[in-house]
1. Can you name every residue in region B:39-75 that is farther than 20 Å from A:L203 by Cα and part of a loop (DSSP other than H, G, I, E, B)?
2. Do we have any residue at all in region B:38-56 that's more than 20 Å from A:L180 (Cβ to Cβ), surrounded by 20 or more Cβ atoms within 10 Å (Cβ to Cβ) and more than 9 Å from every other protein chain (Cβ to nearest Cβ)?
3. Mind listing whichever residues of region A:142-161 are surrounded by 15 or more Cβ atoms within 10 Å (Cβ to Cβ) and not in a helix (DSSP H, G or I)?
4. Does region A:23-34 include one or more residues that are closer than 17 Å to A:T131 by Cα and either of a type in the set (D, E, K, R) or surrounded by fewer than 19 Cβ atoms within 10 Å (Cβ to Cβ) (or both)?
5. Can you list the helices (runs of 4 or more DSSP H) found entirely within region A:180-243 that contain at least 1 residues being free of Cβ contacts under 8 Å to residues at least 12 places away in the same chain and more than 10 Å from every other protein chain (Cβ to nearest Cβ)?
6. So in region A:48-58, with the set limited to residues that are within 9 Å of chain B (Cβ to nearest Cβ) and buried (at least 20 other Cβ atoms within 10 Å of the Cβ), which one is farthest from A:L107 (Cα to Cα)?
7. Take region B:63-105 and flag every residue that is closer than 12 Å to A:V194 by Cβ and either free of Cβ contacts under 8 Å to residues at least 24 places away in the same chain or in contact with a Pro (Cβ under 8 Å, 6 or more places away or on another chain) (or both).
8. Filter region A:59-78 down to residues that are surrounded by fewer than 21 Cβ atoms within 10 Å (Cβ to Cβ) and part of a loop (DSSP other than H, G, I, E, B) and give me whichever is farthest from the other protein chains (Cβ to nearest Cβ).
Amino acid sequence: MISVGETLARHLASFGELPRADFEAVAALRAEVRDVPRQTDVLRNGDHPNHVVVVLSGLMHRYTIGPEGKRQIHSFYLPNEAPSLETLYIDYMDNNLGAVVPTRIGLISHDQIYRIIDERPEARKLLWRQTLVQAAVFRQWLVRNSNLPAHMALAHLFCEMYVRADAVDLVENGVCSLPLTQEYFADALGLTAVHTNRTLQALRETGAIEWRSGQLTVHDWPKLREIARFDPNYLHLRSTRLARSR
Amino acid sequence: MLLESRCARSAFRVQAWQTSTQGNDGAVARYHFNIRNGNGFTADDEGMEMSSDQDARSHAIDGARSLMSAEVLQGTLDLNGQIEITDEAKDAVMTVRFTEAVDLRPATSSAGSPL
């Protein structure tokens, strides 16, 4: 069983070179493990967290509730990802972080990470880089939602989740777990659930994917990429099979 | 001691987990919103929980409007579509025609004329 610290160390190492000693220092960080029920928030707008969250299993999302009560999801987080590193240096949450399905998380105190930042410049660089990549991903979500018609946008989201899952070894034989409902896709893409269902059906009919019972199967990766015009450069992944294949 | 006091005001809501969905208090039922339009039939296998037939109808109307909007952006509008709402047992609850979802104002003879 991999420790929470080691999960974070591996996550940082996916963005660049993490020297052995730094890897071990991060891997040795003390953490608490919590089980979060489905559809439950871990951090809410206005909270002042003093821990960072590492996803160990399940799936998380970040979202904002708009003035008319509509939810806009702005990111999903897979196991082995760290969704709240920016809380180290901002004073309060300006959005919500919640579990989509039953999710296990690890909590590492800010104090321990501040020590790493003070003492280890290479690890510090990767923490910076991780939060900058988050910003790049948010930019891409903005472009996706405002520039792409529904079928391209949904295909693009599938591409992103598939490449990210692959980067953390969660793709097996073209299948990855993506335990979302139509409603989550709709709120991530700014579509209605009805439009999402129609769009899913249209994507299935291309033969590129199947999505059923929370599982994404990619039958034809080049075709899915072509539909979405997906370029994974914004994920800044150091090396993954899918990110490289053009 | 410092550590303890920090933990006490930790933002992580160990005791007070709150669900992020709304409206779970009342009774809900699962409805399926099957689409029939120019693109054929799209079954809704997953469905969604709604608190009343009326809410389901509103949801279907929003859905029909969004489908038509997307069509219009592509340069077509097919008003023959409808959303067929079924319950968990796949029995028909109601049908919402696309024409019911918008206030249609047929073009008058002067429409588009320069004067």
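What follows is calculated from the coordinates using simple rules that are stated; it is not laboratory data. Since the model is a prediction, treat every value here as computed from it, not as a measurement. Positions of Cβ are backbone-derived with ideal geometry, glycine not excepted, and every protein chain shown enters the neighbour counts.
1. Across region B:39-75, the qualifying residues are B:S51, B:S52, B:G75.
2. Yes, region B:38-56 contains a residue that is more than 20 Å from A:L180 (Cβ to Cβ), surrounded by 20 or more Cβ atoms within 10 Å (Cβ to Cβ) and more than 9 Å from every other protein chain (Cβ to nearest Cβ).
3. Of all residues in region A:142-161, those surrounded by 15 or more Cβ atoms within 10 Å (Cβ to Cβ) come to A:144-145, A:148, A:150-161.
The one that is surrounded by 15 or more Cβ atoms within 10 Å (Cβ to Cβ) and not in a helix (DSSP H, G or I): A:L148.
4. no
5. In region A:180-243, the matching helices (runs of 4 or more DSSP H) lie at A:221-228.
6. Of region A:48-58, the ones within 9 Å of chain B (Cβ to nearest Cβ) are A:48-51, A:53.
Narrowing the set further to residues that are buried (at least 20 other Cβ atoms within 10 Å of the Cβ) leaves A:49, A:51, A:53.
Working: A:P49: 10, A:H51: 6, A:V53: 5 Å.
Going through the qualifying residues, I end up with A:P49.
7. Narrowing region B:63-105 to residues closer than 12 Å to A:V194 by Cβ: B:63-70, B:81-85, B:96, B:98, B:101.
Within region B:63-105, B:S66, B:S69, B:A70 meet the criteria.
8. That would be A:L78.
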